[in-house]
Amino acid sequence: MSDLSRRPEGAVVGEQLAHESAALHVTGHALYTDDLVPRMPRLLHAHPVQSPHAHARVTGLRVEPAYDVPGVVRVLTAEDVPGVNDAGMKHDQPLFPSEVMYVGHGVCWVLGETAEAARLGAAAVEVDYEPLRAVLGLREAIAAGSFQGGQPTVVRGDIEAGLAGSAHVFSGETDMAGQEHFYLETHASLAHVDESGQVFLQSSTQHPSETQEIVAHVLGVPSNEVTVQCLRMGGGFGGKEMEPHGYAALAALGATLTGRPVRVRLTRTQDMTMTGKRHGFHTEWRAGFDADGKLQALDVTLTSDGGWSLDLSEPVLARALCHVENAYWIPHVRAHGRIARTNKTSQTAFRGFGGPQGMMVVEDVLGRCAPLLGVDPAELRRRNFYVAGQETPYGQPVRHPERLVTAWEQLLSDAEVTRRQQAVAAFNAAHPHTKRAIALTPVKFGISFNFTAFNQAGALVHVYKDGSVLVNHGGTEMGQGLHTKMLQVAATALGVPLERVRLAPTRTDKVPNTSATAASSGADLNGGAVKHACEQILARLELVRAGRDLPWEELVREAYFGRVQLWAAGFYRTEGLHWDSTVMRGHPFKYFAYGVAAAEVEVDGFTGGYRTRRVDIVHDVGDSLSPLVDLGQIEGGFVQGAGWLTLEDLRWDESDGDGRGRLLTQAASTYKLPAFSEMPEEINVALLERAHEDGAVYGSKAVGEPPLMLAFSVREALRQAVAAFGPEGVSVDLAAPATPEAVYWAIERARHGDPAGRLTIGSVEPAQPAPDSPPLRPRSEQHAEAVPETAG
Ligand code: MTE
Ligand code: MOS
């Protein structure tokens, strides 16, 4: 066991604790960035002038009329920028654009004494536009060749040989939607110039260091003149990894120009129309199976909808490509990725970071092909699991794949799957208009940033003379419980009770050069750094203690008088990682997080309406740092995934009318989020036991994102329930999101026994079998007519 993962006696990690701010959250006392507004005298409010066009050149901008509006103090335009007019890391996101790229794009910003004055001022600004051709749909972008960024490929084996040698080859298309983050707290930044002349920013950001960097670029000052603090976020979900920078820069620019504090806080409508979302993807694939249903080859092209700028689209795509095989061994793989440029918001990180979109491919392939192969879908999945000694398509050994099997077997017994499947069959036989199904799906998710350099973190731990402890670390708190875990880590490492430790808000002047709190790696990285800092202090204290049995407070006092340093900076970097993005090979992940889920749904044949009756999950968090926090992450991630796959339906106006490019679903009234009524009626979560992870902090594993992908079980259960309306062996092509409407149409197709996809996009077409392979198992007449294709 490594030093990093070994737990001492009486460890505080592993205790079931409430979130450190739980009481504050539920009483409304937890402060978020915008709650600080009343503490700032003479504060100015900002409002954007937003483009009504999806794509246009700005040919004229007259800001003077805004100054006629009472209360307007300043209009910010490109001319005001002393540094670089750009809000991104790729230099393709002008803060004040001369060409607007999507409906809602901010052209300039008005600062007013009140939010209303700023709004009226923005309405008075006159902008001339020369409309340009806008690309909206993903297919439209592909047809127009509208791409941005690199086009990497993950390759293993010989795809054509693999397909040629397969007994069964299918091809199809899979489309999946984007997703709105809908964090409760919208984007917020608050800037002022402090008494020493430095810019101090409060920002709702997952990446304070990068916010600092961008603000410094925009202002044309070195980073040491800008400090960013993040108190906490009311949810980030990836949406505050890259998106906050521009808003922070606007606030900072306003503050330096006016000498007054400036607040940029988006309304919900602004947040939904201006900020990036999960990438929707279009994928085209060919999949080959052997006679036993074992995957032999997967050839897939993934095209993500990047929106107007690159943002995080490239790393999101890389993670998608590294997850196309999910938990399954596939000897021959070719996964090719592209990023479309469309005139929409700049799509960005969202819990799972491309992983969900990648995995969706193989889960859709298995769900659609199982009936055509005549194999039960759960059995087909199980049969294809990785086994020890195998590698991922990008060349990383898959460690502990047996944990998947353990979890799967536990799930089968805990959830009484066999008994309930019999009950489902009996129910379905008795109910022609209502069908039920249970589906099981696995998750294998790589933990670490693909980009090796990001896998580092810092911490600053102070022990004061009275024995109290103050911890700073580089991670941000967005509700995921990172601070709770870090308190537990510090208490464990120092061997003091939890009450002795306090955590201070994340600030760039305390811990510099931090990575985003993202990739679920917050606890791994910052936990390593906190522990390292504590251990340095403890080592010095041990010399003072000299084997005596002293209470903590006395030990600290004695150390102080002995002139022993009572604080330390900690640093951690994940060992053993390497990644070559030019060939898409290496060992990018420290380990894999595993999980399995079983979902039971009931579908109404008249309406397509459905309910999730029960969900069972067995998830691998290693030795949990904080079991209640992890439980919350698993439930929350699962529900957010179910929202993405079944309810949340982003619609953009793709018509040629005046509204072209407008986000039609820009409020909670039209964008359906999971609510209490859509929660599974019963949800049972078990943490995989005896799951110590050697080489990670106190034997734990990351938990933030992987459970989101357990929601594939709901989608697969819906697919199977839909199939139950049709003849035996019908392959169901289910749209994503599988809204009640989509389910209704899938039922219609299933009832008519249409071979999936002959009527719709996203077909599974049984291809010509390889010359001497056995024929497909018997299927319905209709399937036999399916259009054959050559397997190449
Ligand atoms: N949980 C809550 N409550 N709120 C959030 O914004 N973000 C998720 C996940 N869980 C999020 C959350 C995302 S996208 C990530 S990457 C991780 O938390 C980040 O935190 P961690 O690295 O500490 O797990
Ligand atoms: Mo999470 S999408 O990595 O912020």
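Assorted remarks:
- Cα-based shape type of region 1-151, given that a ≥ b ≥ c are square roots of the gyration tensor eigenvalues and the cut on a/c is 1.5: oblate
- Karplus-derived HN-Hα couplings along region 126-141 (A = 6.51, B = -1.76, C = 1.60, θ = phi - 60°), whole Hz, x at Gly and Pro: 9, 10, 9, 10, 10, x, 10, 5, 10, 9, 10, x, 5, 5, 5, 5
- Near the amide H of Tyr591, within less than 5 Å, lie the amide hydrogens of Ile447, all on another chain or at least 5 residues away, with H placed in the peptide plane.
- Projecting the Cα atoms of Ala22, Thr273, Ile159 onto the charge dipole of the chain, computed from C-beta unit charges around the Cα centre, puts Ala22 farthest toward the positive end.
- Computed on the chain, with alpha-carbon pairs under 8 angstrom and 6+ residues apart, the relative contact order is 16 percent.
- Each Cα pair under 8 Å and six or more residues apart adds its sequence gap; the mean of these over the residue count of region 359-412 is a relative contact order of 20 percent.
- Net charge, Ser669 excluded, C-beta distance under 14 Å - Lys, Arg +1, Asp, Glu -1: 0
- Close amide H pairs (under 5 Å, H built 1.01 Å from N) link Gly481 with no residue at least 5 positions away or on another chain.
- Counting only lysines at least 8 places from Lys590 when in the same chain, those with an alpha carbon closer than 24 Å to its own are Lys444, Lys485, Lys531, Lys701.
- Estimated from the Cβ-Cβ distance and a Förster radius of 60 angstrom, the FRET efficiency linking Leu498 and Ala426 is about 0.70.
- Rounded, prolate or oblate (a/c below 1.5 giving rounded, otherwise prolate when a/b exceeds b/c) for region 557-633 by Cα gyration tensor: oblate
- Candidate cross-link partners of Lys277 among the lysines, defined by an alpha-carbon separation under 19 Å and a same-chain spacing of 8 or more, comprise Lys90, Lys240, Lys344, Lys672.
- A simple spin-label model places the labels of Ala686 and Val387 2.4 nm from each other, with each point 7 Å out along Cα-to-Cβ.
- Counting 0.36 nm for each residue step from Asp128 to Arg651 and taking away their Cα separation leaves a gain of 185.5 nm.
- Along region 483-490 the Karplus relation, 6.51 cos²θ - 1.76 cosθ + 1.60 evaluated at θ = phi - 60°, assigns HN-Hα couplings of 5, 4, 5, 5, 4, 5, 5, 5 Hz to successive residues, with x for each Gly and Pro.
- For the pair Glu116 and Ser581, label points projected 7 Å from Cα toward Cβ lie 4.8 nm apart.
- Spin-label pair Leu628/Leu470, simplified geometry with 7 Å Cα→Cβ offset, distance in nm: 2.7
- ³J(HN,Hα) computed for each position of region 622-636 - Karplus, 6.51 cos²θ - 1.76 cosθ + 1.60, integer Hz, glycine/proline x: x, 7, 4, 6, 7, x, 6, 4, 5, 4, x, 5, 5, 5, x
- Shape class for the chain, computed from the alpha carbon gyration tensor (a ≥ b ≥ c): oblate, with a/c not under 1.5 and a/b at or below b/c.
- Counted by Cβ distance under 13 Å from Lys435, the other residues give a net charge of +2, where Lys and Arg count +1 and Asp and Glu count -1.
We did not get these values from a lab; they are worked out from the coordinates using the rules stated. Everything quoted here is computed from the prediction, not taken from an experiment. So basically every Cβ, Gly included, is an ideal-geometry build from the backbone, and we count neighbours across all protein chains shown.
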